[in-house]
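Here's the structure, in structure tokens; my notes come after.
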Amino acid sequence: MQESFMIKSSLIEPDGGVLVDLVVPENQRDSKVLEAKSLPNVKLTKVDFEWVHVICEGWASPLKGFMRENEYLQSLHFNSLRLNDGSFVNMSLPIVLSIDDETKERIGSSSNVGLIGPNGDYVGILRSIEIYKHNKEERIARTWGTTAPGLPYVEEAIASSGNWLIGGDLEVLKPIKYNDGLDNYRLSPKQLREEFDRRKADAVFAFQLRNPVHNGHALLMNDTRQRLLDMGYKNPILLLHPLGDGVLDPETTIVAIFPSPMHYAGPTEVQWHAKARINAGANFYIVGRDPAGMGHPTEKRDLYDPDHGKKVLSMAPGLEKLNILPFRVAAYDTKVNKMAFFDPSRSQDFLFISGTKMRSYAKSGENPPDGFMCPSGWKVLVNYYESLQTEGASQQPVLSS
């Protein structure tokens, strides 16, 4: 296991100074698989499996496994972890594995457990385990600031999860693959750092999107690169999560998939997004309006203040070494038929097209205004929603007369 493998990057050190790598060496794989099969097992959900991916590649460095209670309480109450030297790293989201009463009984007094992935394969071993109570209400309230029904991550991963949490040191039996045609975009922090060094980057600015990339995003990201050039940097490189299409220079852009499950936990979650990019080698992080936010699940309002995410990032413990770049607001300028930075002196000329509006255009087959998005990217989006409608229609029951 290569957990002490040092990734050298001139830009920024990973949290804890060492990038965690928890995938066992190939020459030990067979023996580790046999050991995993001999242990009491824990079956992972899809979300659990994604967290295994996040932990083993070092996105959550210096975390080396699912949290034990001491780490969980620090994360939940302080949004950080204290290291052995007394320093702190940011850790705003609990990264935990839940089990039910039956699994707890089956584990008994065993110190180690095998981990079985959603497809039935053994994917890892959790060592020197600790089992402790899972207080779901407290976890939800502290992470989201509400216990209102309708929070997507809560409904998927917490509400029906077990009453216990199991923490321990993680060993992963082989590199995580999804075999969905996108694995080449799932670059690990180690791979990203090596690529930044290969390109001789002197600044890396990270940008995360949950909506498809449109020309307003491209305007913003190209403007950010120019700002860094104006500051004296010679070769700023953009780390873009997730996918974009054709509107950015491939020589100065690395497109990759961030493997972390999405919580929509606003200012609490955006700290995790920023912290993970430190471990990937980024020393600048672009933040905009309402990062990781969502509409209130039961009321007609935003769940979080849209400005709090960028304010929290600017003062979050453990993120001091990361440069936060608030972005300028872009909108569709109807005078020139393209995306431009918003000018409040002629606000009547600008059209704001939200992600929700963009998706409604794509679902209905209606085209957005010219210049809003590159045509090839728009075609991908429309085809995606058409495929969903076709799939849904094919699954409708056939009624006999």
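Take every DSSP beta bridge with both residues inside the chain and express the antiparallel ones as a percent of the total, to the nearest 5. Around 55 percent antiparallel, to the nearest 5.
Surface listing: Lys300, Lys46 arranged by accessible area from highest to lowest gives Lys300, Lys46, probe 1.4 Å.
For a straight C-alpha distance cut-off of 24 angstrom, the lysines reachable from Lys133 (same-chain residues fewer than eight places away being disregarded) are Lys43, Lys46, Lys64, Lys104.
Distance from the Cα centroid of segment 51-118 to that of segment 362-392 is 40 Å (rounded to whole angstrom).
Heavy-atom surface analysis with a 1.4 Å probe gives the chain a carbon and sulfur content of 49 percent of its accessible area. For segment 176-329, the Cα-based Rg and Dmax, in that order, read 15.4, 49 Å. For Asn235, the residues whose amide H sits under 5 Å from its own are Asp202, Ala203, ignoring neighbours fewer than 5 places away on the same chain, with H placed 1.01 Å from N. The lysines within cross-link reach of Lys321, meaning a Cα-to-Cα straight distance under 18 Å and a gap of 8 or more places when in the same chain, are Lys8, Lys275, Lys310, Lys311.
Subtract the Cα-Cα distance of Glu138 and Leu73 from 0.36 nm times their separation in residues, and report this length gain in nm to one decimal.
Going from the current span to full extension adds 22.3 nm.
Over segment 331-380, the pair-distance histogram of Cα-Cα distances with 10 Å bins from zero comes to 25, 51, 21, 2 percent, rounded to whole numbers.
Across segment 197-202, coupling constants 3J(HN,Hα) worked out from phi with the 6.51/-1.76/1.60 Karplus curve, θ = phi - 60°, read 5, 4, 7, 6, 5, 10 Hz, and Gly and Pro carry x. For the chain, the relative contact order comes to 17 percent (Cα pairs under 8 Å, sequence separation of at least 6). Sorting 358-367, 26-35 by average packing, meaning the other beta carbons within 10 Å per residue, from highest down gives 358-367, 26-35. If you take all other residues with their beta carbon under 15 Å from the beta carbon of Arg227, and give Lys and Arg +1 and Asp and Glu -1, the sum is 0. Calculated mean residue ellipticity, 222 nm, the chain: -9500 deg cm²/dmol, from DSSP H runs (n ≥ 4) at -39500 (n - 2.57) each, averaged per residue and rounded to 500.
By the Stokes-Einstein formula, at 1.306 mPa s and 10 °C, the chain with its Kirkwood radius over alpha-carbon pairs has D equal to 70 µm²/s. Between Lys300 and Val380, the simple spin-label model (points 7 angstrom out along Cα→Cβ) gives 3.6 nm.
The values are calculated or read from the model by the stated rules, or taken from the named source; none is laboratory data. Because the structure is a prediction, the values reported are computed rather than measured. All Cβ positions, glycine included, derive from the backbone under ideal geometry; neighbour counts span all protein chains shown. Note: accessible area is taken over every heavy atom of the protein model, side chains too, but ligands, DNA and RNA are not part of it. Shrake-Rupley method; radii C 1.70, N 1.55, O 1.52, S 1.80 Å.
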